[in-house]
Amino acid sequence: MKSHSYILMTLVILATSAPTLALAQYEKEGDQPDMMILTIFSLTLYITISAILGVVGYSIWKVIKIRRKSAKMRLA
Amino acid sequence: MQVFPTSPYLKISLLMALAFVPTLVYADDGRGSSVAATLGWLTIGCGMTANLSLVIFKMMKKTAVIKLVVGSNASQSLASAYQQVLNFHIMLNAVGFFAGMSHGFMLIRGLDYITLSLAIVITVSMISGIILKLTSGKNLKFFSRLVHGQAILAALLVTLVVLHVITRWHHGIIMHFI
């Protein structure tokens, strides 16, 4: 597995662990959610967006790489 | 091995019938269950059926090619059935997507970060799927195939669905449904 795959996997782990932490905090605090829980929950959204941007960026990079490779092969 | 009907009219009728699946949520079970919550369950059901069927079919195809157990007949029929399984996957996912969107709009007051993340992931998957199906450009097709087929995106989707159900459950919105 290459380094970019590790980065994407880390993003997913972060995205899944953030709400789990918030749920645990929510259970601990009782019925009234505080700012900390909301902050952890909001992290899920930012991490999801980062993961999607990561996937899109990786795909664009892969397409560009293949295009360059085929252009080089045509020249050679 | 004949898995799907050969008549094109029957195939189209079966696929068209899938469009009426969401009407099932309006069936009254006498327990006061809400239509919006049922639409959510329907979305989960559609997504699971559509994606698991394609994954299982691909695994069967791979096994048949690797083992070469059944000879050319089964491999050929599996290859010809691929388009039909793909159509089923697209149709059921489209039904699930629109059911999910309706569910989201009906319960928009309860929007939270997890739900919004889930909606974004579903929309990205749907858009990449549509581009993959409709585009003829080589680069765009390759790009959409990469985005649509990312295992990471699928893992994120499953996790967010599970978390969405857990958090909604916790907030008591679907408690009366059980």
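To keep it simple, each residue is scored yes or no on (1) modelled with pLDDT of 80 or more; (2) in a helix (DSSP H, G or I); (3) over 20 Å from residue B:166 (Cα atoms).
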residue	(1), (2), (3)
B:25	no, yes, yes
B:42	yes, yes, no
B:105	yes, yes, no
B:125	yes, yes, yes
Kindly indicate which of A:63, A:55 is modelled with pLDDT of 70 or more, farther than 16 Å from residue B:151 by Cβ and within 10 Å of chain B (Cβ to nearest Cβ). A:63
Members of the stretch A:46-61 that are in contact with a Phe, Trp or Tyr (Cβ under 8 Å, 6 or more places away or on another chain) and surrounded by fewer than 20 Cβ atoms within 10 Å (Cβ to Cβ): A:60
Looking only at the stretch B:2-23, and only at residues there that are surrounded by fewer than 11 Cβ atoms within 10 Å (Cβ to Cβ) and in a loop (DSSP other than H, G, I, E, B), the one that is modelled with the lowest pLDDT: B:2
With the requirement that a residue be in a helix (DSSP H, G or I) and under 15 Å from the mean Cα position of the chain (by Cα), what does the stretch B:134-150 give you? B:148
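The values are calculated or read from the model by the stated rules, or taken from the named source; none is laboratory data. The model shown is predicted, which means the values in this text are computed figures rather than measured ones. Counting neighbours? That spans all protein chains shown, and the Cβs are built from the backbone with ideal geometry, glycine included.
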